[in-house]
1. Could we say that ARG285 is farther than 22 Å from ASP393 by Cα and basic (Lys, Arg) here?
2. Does region 94-105 contain at least one residue that is within 24 Å of the chain's Cα centre (by Cα) and more than 21 Å from ASN194 (Cβ to Cβ)?
3. Mind listing whichever residues of region 124-156 are more than 19 Å from LEU364 (Cα to Cα), surrounded by 12 or more Cβ atoms within 10 Å (Cβ to Cβ) and not acidic (Asp, Glu)?
4. Looking at region 409-434, I want the residues that are touching a residue at least 40 places away in the same chain (Cβ under 8 Å) and have a partner that is assigned to a helix (DSSP H, G or I) with Cβ atoms under 6 Å, at least 6 apart or on another chain. Which pairs are those?
5. If we keep just the residues of region 269-290 that are in a loop (DSSP other than H, G, I, E, B) and either surrounded by 19 or more Cβ atoms within 10 Å (Cβ to Cβ) or within 21 Å of the chain's Cα centre (by Cα) (or both), which is modelled with the lowest pLDDT?
6. I'd like the full set of residues that are open to solvent by 30 Å² or more (accessible area, probe 1.4 Å), touching a residue at least 40 places away in the same chain (Cβ under 8 Å), within 30 Å of SER104 (Cβ to Cβ) and not in a strand (DSSP E or B), limited to region 198-235.
7. For region 74-120, enumerate the residues that are closer than 19 Å to ALA173 by Cβ, among the charged types (D, E, K, R) and assigned to a strand (DSSP E or B).
8. Which ones in region 325-364 are assigned to a strand (DSSP E or B), open to solvent by less than 30 Å² (accessible area, probe 1.4 Å) and either in contact with an Asp or Glu (Cβ under 7 Å, 6 or more places away or on another chain) or at pLDDT below 90 (or both)?
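The values are calculated or read from the model by the stated rules, or taken from the named source; none is laboratory data. Predicted model, so just to flag it, every value in this text is computed and none were measured. Note: ideal-geometry Cβ built from the backbone for every residue, glycine included; neighbour counts use all protein chains shown. Only protein heavy atoms, including side chains, enter the accessible area calculation; ligands, DNA and RNA are left aside. Shrake-Rupley method; radii C 1.70, N 1.55, O 1.52, S 1.80 Å.
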Amino acid sequence: MTRFKRLYAIAAIILSIFGLLITINRGGATEIASAASAYSSPLVDLQQDPNFKAEDYPVGGKEYKIEIIQIAESTRTELLIYTYQPYGRIEASSISISKAINDSYSPRVYSLQLLSSDDVFYKYRVVDFEIEEDALRYYNVATIWRKYDRQIDGNTGVITKEVAYAVGKLWTASTVQGEISYTLKQTEVVEIYNPFPGFVRRSKGVSWTNYKSCDVHFIAFNTNYDITRLISADVTYRTQDYKKTLLGGTKESELSERLYKRVNHDEKAGNDVNGLFASKYKWDRISRTTDFISDLDIEDEQLKSDLKARTWIINFLETDYTVPLGADNAYVAVFGGVFGTFYNGFELLFGETSGTRVKEIAVLRLEFEVDGKHYNLGAVSNIVSGSDRPLDDKGNVVTDWLKDVLEALAKVPWWGWLIIFGVLAIIVIAILAIFFPVAKKILAVILQVLKRAGQFLWKVICIPFKAIKKLSENIAAKRRQRQLYKSLNPPKPIAY
């Protein structure tokens, strides 16, 4: 009996191997997708394709690159990515995939999880990617990213989170009678050069409670196409809300999930003025940088230079920036005397300034024309962040006045501050003296001290002038004495 069991086992193994050989010969590389294990070696999976040759992928070279060789739908219903990386120490981090094509093309960014590697071959899982149940499935891949490396990439001029590599491949998966087949097509992509993110601030006006501004977030860039008309674009980004007080510091929220925005050339935006002392601005969502400079009356010379170095700009988002004025107590401040003034000051010290930062921006798609020829392509763009400060800030009359006052105060010497604080202290005590007898007595003592100090100071100031006067009087007296002496003792005539 044991002998028969062994024979059955051997026969089963032989049949399994024979069946596998038939499958490989029938499907080639397409069978990687249905058979790949999430934990197997990438080289083992790739070698299921009889056309795959490992020697075509040498180690080293002069380029740090990530090249996608193949994709695979695993038995775990996960999408796997196989890459060639001649410099193994770099690692892919994200990928741009669209499940639709043509006019419905809509790329999304997914994180990559490294599963295994074998020399220059790497295998990743696309995180949180859902494989559709449709019989026909598209995997339109424009870009794959890796983390920024200062030693490799140097100074990019902006805060770079991830560095992009062009892919430009469309895989079509087809399921017929339970069997999956794949086709691969090369696609065009548009490369984004010198991405420059940032924001400018424009006032929305002053109200009783605060003054608000509109932060206009943008990304400017060049491309490898000589675009004559930019029609629409897809942008991805993340946001972070923050609140800060004068005494309590800054509190920041967690970064949002990745957000997406599609903008069109015929869309316009503005700063939505709803208060006093603000100017109205309007701008296009998509425009040339020169038009953007004109529309928002950009004055900062460095920003104008940076924008003019790029051709196109996408203004994809506006967020509010709010500074408290303690003005929900404005009536108290006006009619409540000193108590209202102090309470309003408390509001200014502890009231929250709030806003939203926009980070990790990338252009994912551009629809455009070049001399009348239409394109709708995936974009290859680094994931970048700009400064946390506005690159051009046009405040209102109040904020401009406050800025001038602060700049003037910054030039005051130490002794000037002593005088300022002294005068302010006297004013505060004088106000308090209206309501409190004790404050009135304190004020009387202070005024008496100031009077005596002033008298003493006046005497000190007069000392040199009195000395000069005394010296002048002495000189005049001596002159009169000489004249009197000469008149009483005239010179005798000389005998010849």
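1. Details: farther than 22 Å from ASP393 by Cα: no; basic (Lys, Arg): yes.
No; evaluated as a whole, the condition is false for this residue.
2. Taking region 94-105 first, the residues within 24 Å of the chain's Cα centre (by Cα) are 94-96.
From what's left, more than 21 Å from ASN194 (Cβ to Cβ): 95.
Checking region 94-105: at least one residue is within 24 Å of the chain's Cα centre (by Cα) and more than 21 Å from ASN194 (Cβ to Cβ).
3. Passing the criteria: TYR124, ARG125, ILE131, ARG137, ILE152, THR156.
4. Filtered contacts from region 409-434: ILE431/VAL338; LEU432/ALA439.
5. The initial filter retains those residues of region 269-290 that are in a loop (DSSP other than H, G, I, E, B), namely 271-275, 277-281, 285.
If we keep only those that are either surrounded by 19 or more Cβ atoms within 10 Å (Cβ to Cβ) or within 21 Å of the chain's Cα centre (by Cα) (or both) too, we end up with 271, 278, 281, 285.
Working: ASN271: 89, ALA278: 77, TYR281: 93, ARG285: 97.
That would be ALA278.
6. Those that are open to solvent by 30 Å² or more (accessible area, probe 1.4 Å), touching a residue at least 40 places away in the same chain (Cβ under 8 Å), within 30 Å of SER104 (Cβ to Cβ) and not in a strand (DSSP E or B): TYR225, ASP226, THR228.
7. The answer is ARG108, and nothing else.
8. First pass over region 325-364, keeping only residues assigned to a strand (DSSP E or B): 353-364.
Still in the list and also open to solvent by less than 30 Å² (accessible area, probe 1.4 Å): 353, 355-356, 358, 360-364.
THR353, GLY355, THR356, LEU364 - these are the residues of region 325-364 that are assigned to a strand (DSSP E or B), open to solvent by less than 30 Å² (accessible area, probe 1.4 Å) and either in contact with an Asp or Glu (Cβ under 7 Å, 6 or more places away or on another chain) or at pLDDT below 90 (or both).
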